[in-house]
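The values are calculated or read from the model by the stated rules, or taken from the named source; none is laboratory data. Here the structure is a predicted model, which is why all the values come from computation and not from measurement. Heads up, the Cβs are rebuilt from the backbone with ideal geometry, glycines too, and the neighbour counts pull from every protein chain shown.
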Amino acid sequence: MTTILAIHAHPDDIETLGAGTLAVLAAKGHAIRIVTVTAGDCGSNDTEPAQTAAIRKAEAATAAALIGADYRCGEVPDLCVFNDDPCRRRVTEMIRWAAPDIVLTASPVDYHPDHEAVSVLVRDACFAASVPNYRTGEAKVLTGIPHLYFMDPIGGRDREGVKVVPDFGVDVAAHFVTKQAMLAAHKSQDSWVSKQHDISDHQASMEAWTRRRGRDFGVPLAEGFRQYRHHPYPRTALLQELLGEALVAPPVA
């Protein structure tokens, strides 16, 4: 059994970009852990930050439970994620808690500053998690650097609208109902994404993107990933091997 950690900025980010892949891996018997660095406490028009955080963490735990995953929150305030030592130590502790073989995280380029900051923090924390003298909390120091993969950015583009091309895709059609159910757990976000993002139907938007990425790979529904292989991170294709028949080739021209 392999342990996979999915770590992103806010509750519902992972459900939008990687829940289908997590469902594939969970169905194969692997251990899944989910972390959000923030509780998304700014993501409401109707409730104060503390109440919003409590609601969204409960929603994230409900979504995680649908695939038998453990959920934790890093408790960094929303829109306060920065590439600094306190945030790095917090993220490193979360990675040590999860003790993963594989980490899936945010794209280095995306529309949201928390997403981009989380990507850098997770990259660096994967390295720091195996450094004994970098002390963070109660979790044990890792014995090595986990395999690291980046999810797609929202909409598959950077801040300037340039397409971000994944290394490979995951055919999530067989588990798309689970992905839908995981996103549906985030009921509080329906009104928020309508107001803040001008998206009237959260579910339909997620499905449209998953189908769009699927067309890139010649399958009905897909999620895209890039592997970080720079020294001294692992270069072997561990996630790709675990995916088996769900792995799809690089995007078609």
Completion exercise
Within the range 180-227, the count of residues that are touching a Gly at 6+ places or on another chain (Cβ under 6 Å) and not in a strand (DSSP E or B) comes to 5
Completion exercise
Log entry, pairs with first residue in the range 104-124 being closer than 21 Å to Glu93 by Cβ and touching a residue at least 12 places away in the same chain (Cβ under 8 Å), second being of a type in the set (S, T, N, Q) and in a strand (DSSP E or B), beta carbons closer than 7 Å, six or more apart or on different chains, reads Asp114/Thr38; Val118/Thr105; Ser119/Thr105; Val122/Thr105
Practice task
Give the range 176-195 a look and list any residue that's under 23 Å from Gly156 (Cβ atoms) and in contact (Cβ under 8 Å) with a residue 60 or more places away in the chain, or say none.
Solution key: Phe176, Thr178, Lys179, Met182, Leu183, His186, Gln189, Trp192
Practice task
Evaluate the range 96-111: report whether one residue or more is of a type outside the set (Ser, Thr, Tyr), out of contact with any strand residue (DSSP E or B) (no Cβ under 8 Å at 6 or more places or on another chain), surrounded by 24 or more Cβ atoms within 10 Å (Cβ to Cβ) and within 23 Å of Gly169 (Cα to Cα).
Solution key: yes
Practice task
Please find, among Val177, Val170, the residue that is of a type in the set (A, V, I, L, M) and either under 29 Å from Thr92 (Cβ atoms) or in a loop (DSSP other than H, G, I, E, B) (or both).
Solution key: Val170
Exercise for the section: Please enumerate the residues belonging to the range 31-83 that are part of a loop (DSSP other than H, G, I, E, B), closer than 29 Å to Ala174 by Cα and among the β-branched types (Val, Ile, Thr). Expected result: Ile67
Problem - Cross-chain or 6+ apart pairs with Cβ under 6 Å, the range 36-55 first and within 9 Å of Ser188 (Cβ to Cβ), then assigned to a loop (DSSP other than H, G, I, E, B) and modelled with pLDDT under 95 - result: Thr52/Ser44; Ile55/Ser188
